[in-house]
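Colleague: To start, I am sharing the structure in question, which I have written as structure tokens.
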Amino acid sequence: MRNIMIFAAVLVALGTFMAQMADKLTPAPASANAAPRKAPEETVAQAGSRSLSIPPDARGHFQTDGRIEGQRIDFMVDTGASLVALNEKSAARFGLRPTPGDYKATVATANGTIKAARTRLARVELGGLVVRDVDAMVLPDEALSENLLGLSFLSKLKRFEYANGKMVLEQ
């Protein structure tokens, strides 16, 4: 279990590093600082499959809105995160309030080692994409400023890729 948590932490750190490198390599649009975040573009790619295209924000990160238990939630797509990671404030909005005894998992983050509570989300929606039974973790608010959409969601899709300057998710 410890090795899995260390591996997850390394993946999170690698994802953060890759995002920072993408920031340096991707020129920001001239109006990036003044423009509000655009909604993801949803398209139907082929019969029976759905696709979601997420443009980068001014920092080069892929931010999108989703739903858990019908409640709207902001995510940053993080291909370096093993699991969906939620901060306590966001988790509480849809009724998930871990007790102190639930924080049994040790997670190494860029801000140090912290305790997290494991959970499973019955349904996560992103645009027209719906994924069921998604493993997740709840982290203290001070340890996680943005909710992360990690591989426990992404790996259940048909594909996810960076293409033409956008993150493309297909189900």
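Colleague: Would you check which residues across the stretch 136-157 are within 12 Å of the chain's Cα centre (by Cα) and closer than 14 Å to A117 by Cβ and list them?
Modeller: Hits for the stretch 136-157 are A136, M137, L144.
Colleague: With respect to T99, determine if the residue is out of contact with any helix residue (DSSP H, G or I) (no Cβ under 9 Å at 6 or more places or on another chain) and not aromatic (F, W, Y).
Modeller: Values: out of contact with any helix residue (DSSP H, G or I) (no Cβ under 9 Å at 6 or more places or on another chain): yes; not aromatic (F, W, Y): yes.
In short, yes.
Colleague: Please determine, by comparing only the residues of the stretch 99-137 that are acidic (D, E) and surrounded by 12 or more Cβ atoms within 10 Å (Cβ to Cβ), which one is nearest to L151 (Cα to Cα).
Modeller: My answer is D135.
Colleague: Being of a type outside the set (A, V, I, L, M), out of contact with any Lys or Arg (no Cβ under 7 Å at 6 or more places or on another chain) and open to solvent by less than 60 Å² (accessible area, probe 1.4 Å) is the requirement here; does S145 meet it?
Modeller: Against the criterion (of a type outside the set (A, V, I, L, M), out of contact with any Lys or Arg (no Cβ under 7 Å at 6 or more places or on another chain) and open to solvent by less than 60 Å² (accessible area, probe 1.4 Å)), S145 does not qualify.
The values are calculated or read from the model by the stated rules, or taken from the named source; none is laboratory data. Keep in mind that this is a model prediction, so the values were computed, not measured. Neighbour counts run over all protein chains shown; Cβ positions are idealised from the backbone, glycine included. Surface accessibility is based on the protein's heavy atoms, side chains included, excluding ligands, DNA and RNA. Shrake-Rupley method; radii C 1.70, N 1.55, O 1.52, S 1.80 Å.
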